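Student: If you scroll down you'll find the structure; I have some questions about it.
The values are calculated or read from the model by the stated rules, or taken from the named source; none is laboratory data. Keep in mind that this is a model prediction, so the values were computed, not measured. Please note: Cβ atoms are built from the backbone with ideal geometry, for glycine as well, and neighbour counts cover all protein chains shown. These accessible areas exclude ligands, DNA and RNA; they are computed on the full protein's heavy atoms, side chains included. Shrake-Rupley method; radii C 1.70, N 1.55, O 1.52, S 1.80 Å.
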Amino acid sequence: MASRLRFLLGRALIYAVLTAGGGIMAFPFYWMLATSVKSPQEAQQAEPIWVPQRMRPANWQAAMRLGAEGGNRWWGGFAPGRTVTFFVAAGGEGPRPRVRIPKPPGAFHDPRSEGTRIAVERVPGGWRFSFTNTTHRRFRLLPVVLYLPKSYRAVRPELAPDAVRSAGDYWRMEWVNLSPGLFGYVFHNYREAWHAAPFARYFYVSFVTAGTQVVVGLFLAAMAGFAFARVRFPGREPVFLLLLGTMMIPGEVLLIPNYIVLAKLGWLDTFYALIVPWLASVFGIFLLRQFYRSLPQDLFDAARIDGASYLTLLFRIALPLAVPGLVTFGIFNFLGAYNALLWPLIVTQSPEMRTVQVGLQAFIGEAGSDYGQLMAASTMAILPIVVGYFFAQRQFVEGIARSGIK
Amino acid sequence: MKRFDPYLAPAVLGFGVLGFLSAEAAGLGFGPGVTGPLAWALAALALLVAALGAYRRPGGWTLFALIAALAGLAGPARPLLALAPVLAAFLLYGGLRHRLPERGAAAFWGWVFVWPSLALILVWHVLPGLFAFYISLFNKVSFITQSRFVGLLNYRILFHDPLFWRAMSNTFWYVVFTVPTGILLGTLVAVLLNERVRGLGLFRTLYFLPYITALTAAAAVWMWIYHPEFGFLNWLLGTPGFDWLHTPDGVFALLFRPLGVRLAGFWAGPSVAFVAIMAMSVWHLLGYNVVILLAGLQSIPRQYYEAAMIDGASWWQLQRHITWPLLSPTTFFLAIIGLIGAFQVFTQVYVMTPTGGVLNDTLTLTMYLYNKGFRDSDFSYASAIAVTVFWVILFLTLLQRRVLERRVTYGE
């Protein structure tokens, strides 16, 4: 009985430690996601807000209705001729509220605020505001600032404001977008970050770079690894030792000489600079060589005696059997290429050639205090890898584990 | 056709690739440009070799030497023509395919498979390593100024450069703090996960996700957590306004201050800001250690544990006398990989403290190299840093091998 109790206590302790550790590991992700759907005012609270307004279903309904009125129930918008009506429940009596559409700071002329007709009317139980787009343009956002006298009781806007501040006798309520639509409401920060920097281009550059590195790198490593494992050619051992020796050279030694070579080739700020220096990987050759060596030699001898050429041996016999090894190296290579910051930072100058990581790094400097947008941008940057992980979880984990066994 | 050497084709191939690469390099102005009289002299030499070869051993080598001479002539002027030997090798192989002995085919295909990777690695990994040392011997190599050979002067300046020593001691503390912490925490988690827990997949995902997360994004999140006014950590610890990433006081100095001990310089330890970055780095790398260690644990035969349990060993004794020694090759591997990785730490430091922190308290070696090379455009001094770092890493790796490998128990 005592040993049973001890066993149970031990199990409980194991789970407690693992859960606590897992919580600490996962917390930054939660915090990133939570902040990415917060308004600036929510983000900048001394007391953390665990469930942001934009994650509450009550607001989703209002966001959807307002979005449908403005243009589209999913992505909102403020289309020409549309009228968005907004209701604020307010009990008691008081002066008339004031409402306006803020102009971008420093703008001389703002078609949105000048072309929107605003109507304010008293209805039972509160105030109704309607905004009509009299222009011929479609606006992505409908920002609204509302001054509501403090004399009203039980004030409840249909859609929770993004910021509430006290301004004399008034409450100043702000909405960054009063016709958001469901996704436009929840993913507001994502959409704004996407528009604030050319993230589409960043993703394109990153995927072209990482994809080419993976495809060509796999091809090269598959060939060289096969030669080192299964072809007895003169000079094999010295060349292999030379390759192993290059693993001793840390990457930072190569930064400057490779930069100079790229500059002389005129390749700086091009895809060549991002891709070519890292195409061949000693690690990949080594990994695949180990893999081919685990296949039986008899297989190759038999095929050779039957008159198969070395090309056939490689592409028809060795490669199909080495798929797990190829997947391992492919994942490693993609991770390395996609997550790299230092090299793309050095060899690219123009925003058109920035990878996601360099773009994000620049965005961190530009976003300033808008942590909601910054976290949204960070989430977007890690999303492809995380999604890939959930699709190929086993390959990821086994691949990493395999890389450690030599 | 017996006169044809089976190694002819690979030799021609190799010559072609090297000839092309060197001609391209000469065209870009690397090394002595082979032009004018020198080129003719080389061509004459190649022809002489060809003639000698023809006289001594009629057969395959003659052809090779002739191709060599032609390529030597063409090389400096037309780099693409130097690829002619590659074509020649393929034609030779095509013509002889059915008469070639097994060894010849292996030699040809072996080299064909290896050359693309080998050429890329030579050009982008091996030669740049040597080139880095070469440019570190010059005075201010940059694209603007003419540089002058100064020997080891850059290294002499480097050894008296306080910023370099600052970066070196910061990096040293980084290695000393993060590598053992990462391995110990990783071992703890891996051992617990190996106790046949339910929900292994979930736990593994939780611990592993930070590792595949891009460091740039992770650093952005941690900056937000460390934010002095709105950061989560300050709320959790009840220290409002504490600016984690801009506090240059050394942690040892802070720890010993209440005892009346004043520590300064190196012994003050890494700054609070740098320790904050280290915590983030351990968080990031832990998943890798856990996965590798878990694989190592699963390769330990269960019979050892069963035998020891029959003998009445406690859980702690099992870990101490079976797990730890049998896991040591994995731990050793992680220590070496961790050391090499930690010495090159850049991304999270650059994102979280772009200027190297207050009073350079988070300046690392790679960051100093980056600043010198790409901000100040002093390539030779930056190369001197790189070469020094290379020797330090090499020395530490070998030292680690000597010190730790004696304690490593390899199975079987």
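Student: Given a Förster radius of 56 Å and the C-beta distance between A:LYS103 and B:VAL392 as r, what FRET efficiency does 1/(1 + (r/R0)^6) yield to the nearest 0.05?
Tutor: E(calc), rounded to 0.05, equals 0.45.
Student: Separate question: Roughly how many Å is it from the Cα centre of the range B:390-410 to that of the range B:5-25, as a whole number?
Tutor: When both Cα centres are located, 38 Å separates them.
Student: Which distance in nm do the two modelled labels at A:VAL145 and B:THR239 give, with both placed 7 Å along the Cα-to-Cβ direction?
Tutor: So the two model labels end up 3.8 nm from each other.
Student: Other chains' Cβ within 10 Å of B:364-370 residues: what's the mean?
Tutor: Average per residue, whole number: 3.
Student: Further question: Once you put a point 7 Å from the Cα of B:TRP165 and another 7 Å from the Cα of A:GLN297, both along the Cβ direction, what distance in nm separates them?
Tutor: 5.7 nm
Student: Can you sort A:TRP343, A:TRP278, A:TRP194 by 1.4 Å-probe accessible area, starting with the largest?
Tutor: Putting A:TRP343, A:TRP278, A:TRP194 in descending order of accessible area: A:TRP194, A:TRP278, A:TRP343.
Student: Assuming R0 = 56 Å, can you tell me the calculated FRET efficiency for the pair A:ARG153 and B:HIS246, based on Cβ-Cβ distance, to the nearest 0.05?
Tutor: Efficiency, rounded to the nearest 0.05: 0.80.
Student: Give, as a single signed number, the net charge of other residues whose beta carbon lies under 15 Å from the beta carbon of A:SER113, with Lys and Arg counted +1 and Asp and Glu -1.
Tutor: Computed value for this residue: +4.
Student: Considering only the other residues whose Cβ falls under 13 Å of the Cβ of A:ALA43, what net charge follows from Lys and Arg at +1 and Asp and Glu at -1?
Tutor: With Lys, Arg at +1 and Asp, Glu at -1, the net is -3.
Student: Could you check how many percent of all C-alpha pairs in the protein assembly as shown are farther apart than 49 Å?
Tutor: More than 49 Å apart: 34 percent of the Cα pairs in the protein assembly as shown.
Student: Can you classify the range A:332-382 as rounded, prolate or oblate using the Cα gyration tensor, where a ≥ b ≥ c are the square roots of its eigenvalues, rounded means a/c under 1.5, and otherwise it's prolate if a/b beats b/c and oblate if not?
Tutor: The shape class here is oblate.
Student: Here's something else I'd like to know. Roughly how many Å² is the accessible area per residue of the range A:304-404, as a whole number, for a 1.4 Å probe?
Tutor: 37 Å²
Student: From the helices alone, meaning DSSP H stretches of at least four residues, give me the mean residue ellipticity at 222 nm for chain A, per-run term -39500 (n - 2.57), in deg cm²/dmol to the nearest 500.
Tutor: Rounded to the nearest 500, the figure is -17500 deg cm²/dmol.
Student: Find how much the distance from B:ILE157 to B:TRP324 grows on full extension, using 0.36 nm per residue of separation minus their present alpha carbon separation; answer in nm with one decimal.
Tutor: The B:ILE157-B:TRP324 span can extend by a further 55.6 nm.
Student: Order the following by accessible area, largest value first: B:HIS125, A:HIS136, A:HIS109. Probe radius 1.4 Å; ligands, DNA and RNA are ignored.
Tutor: The ranking, largest first, comes out as A:HIS136, A:HIS109, B:HIS125.
Student: Not counting ligands, DNA or RNA, and with a 1.4 Å probe, what is B:ILE393's accessible surface area in Å² rounded to the nearest 10?
Tutor: Only protein atoms counted, so the area is about 10 Å².
Student: Something else: Take the Cβ-Cβ distance between B:LEU359 and B:LEU18 as r, set R0 to 45 Å, and report the resulting FRET efficiency rounded to the nearest 0.05.
Tutor: Efficiency, from the Cβ-Cβ distance: 0.35.
Student: Separate question: Post the alpha-carbon centroid distance, the range B:179-225 to the range A:300-325, in whole angstrom.
Tutor: The range B:179-225 and the range A:300-325 have Cα centres spaced 39 Å from each other.
Student: For peptide A:377-387, how many partner chain Cβ atoms fall within 10 Å of a residue's Cβ, on average?
Tutor: Shielding by partners across A:377-387 averages 4.
Student: Which listed residue (B:LEU28, A:TYR259, A:ALA62) has the Cα farthest towards the positive end of the charge dipole for the protein assembly as shown, taking +1 on Lys and Arg C-beta and -1 on Asp and Glu C-beta about the Cα centre?
Tutor: A:ALA62
Student: Tabulate in residue order the Karplus-calculated ³J(HN,Hα) for the range B:96-103, using 6.51 cos²θ - 1.76 cosθ + 1.60 with θ = phi - 60°, rounded to whole Hz; enter x for Gly and Pro.
Tutor: Couplings: 9, 3, 7, 9, 6, x, 3, 5 Hz.
Student: Could you let me know the centre-to-centre spacing of the range A:209-244 and the range A:9-66, using Cα atoms, in angstrom?
Tutor: The range A:209-244 and the range A:9-66 have Cα centres separated by 46 Å.
Student: Using each residue's phi in the range B:318-327, evaluate 6.51 cos²θ - 1.76 cosθ + 1.60 at θ = phi - 60° and report the 3J(HN,Hα) Karplus result to the nearest Hz, with x for Gly and Pro.
Tutor: Computed from phi, the couplings for the range B:318-327 are 4, 5, 5, 9, 10, 4, 4, x, 6, 8 Hz.
Student: What is the average number of partner chain Cβ atoms found within 10 Å of a Cβ in A:229-242?
Tutor: That works out to 5 on average.
Student: Fully extended, how many nm does the chain gain between A:VAL120 and A:LEU321 (0.36 nm per residue separation, minus their Cα-Cα distance)?
Tutor: 65.1 nm
Student: Let me ask you something else. Work through the residues other than A:MET173 whose Cβ is under 13 Å from its Cβ and net out their charges, Lys, Arg +1 and Asp, Glu -1.
Tutor: +3
Student: Shifting gears a bit: If I fit a long axis through the Cα atoms of helix B:379-405 and take the longest principal axis of the Cα atoms of chain B, what angle between them do I get, 0 to 90°, rounded to 10?
Tutor: 70 degrees
Student: Is the range B:158-405 best put as rounded, prolate or oblate by its Cα gyration tensor, with a ≥ b ≥ c the root eigenvalues, rounded for a/c under 1.5, and otherwise prolate when a/b is larger than b/c, oblate when not?
Tutor: Because a/c hits 1.5 or more and a/b exceeds b/c, the range B:158-405 counts as prolate.
Student: Which residues' amide hydrogens lie under 5 Å from the amide hydrogen of B:THR362, considering only partners 5 or more residues apart or on another chain, with H built in the peptide plane?
Tutor: B:GLY357
Student: Could you look at the range A:53-184 and say what percent of its accessible area is carbon and sulfur, using a 1.4 Å probe and all protein chains?
Tutor: The C+S portion of the solvent-accessible surface of the range A:53-184 is 56 percent.
Student: Here's another thing I want to ask about it. What nm distance separates the two modelled labels at A:VAL386 and A:THR83, each placed 7 Å from Cα along Cα→Cβ?
Tutor: Roughly 4.3 nm, to one decimal.
Student: A further question follows. Report ³J(HN,Hα) in whole Hz for each residue of the range B:304-316, in order, from the Karplus equation J = 6.51 cos²θ - 1.76 cosθ + 1.60 where θ = phi - 60°; Gly and Pro get x.
Tutor: Whole-Hz 3J(HN,Hα) from phi for the range B:304-316: 4, 5, 4, 4, 5, 5, 4, 6, x, 6, 7, 4, 5.
Student: Let me ask something else about it. For the range A:8-90, run through the trypsin sites (Lys or Arg not before Pro) and keep only the ones in DSSP coil with at most 13 other Cβ atoms within 10 Å of their Cβ.
Tutor: Answer by residue number: there is no such site.
Student: May I pose another question? Can you pull out the buried accessible area for chains B and A, both sides counted, probe 1.4 Å, rounded to the nearest 100 Å²?
Tutor: Adding both sides of the contact gives about 8500 Å².
Student: Amide H of A:GLY115 versus every other amide H placed in the peptide plane: which residues, excluding those fewer than 5 positions away on the same chain, fall under 5 Å?
Tutor: Result for A:GLY115 returns nothing.
Student: Please figure out what share of the DSSP beta bridges in the range A:53-184 is antiparallel and state it in percent, rounded to the nearest 5.
Tutor: 100 percent
Student: Over the range B:216-330, with every protein chain in place, what whole percent of the accessible area is carbon and sulfur at 1.4 Å, could you tell me?
Tutor: Here carbon and sulfur together make up 66 percent of the probe-accessible area.
Student: Any chance you could give the angle, 0 to 90 degrees and rounded to 10, that helix A:323-339 forms with the longest Cα principal axis of chain A?
Tutor: So the helix axis and the longest Cα principal axis differ by about 50 degrees.
Student: Here's another thing I want to ask about it. Show the residues, 5+ positions off or on another chain, whose built amide H is closer than 5 Å to the amide H of B:PHE138.
Tutor: Under 5 Å from the amide H of B:PHE138: B:VAL150.
Student: If you place +1 on the Cβ of every Lys and Arg, -1 on the Cβ of every Asp and Glu, and leave all else neutral, what size is the dipole of the range A:56-139 about its Cα centre, to the nearest 20 Debye?
Tutor: With only Lys, Arg, Asp and Glu charged at Cβ, the dipole is about 120 debye.
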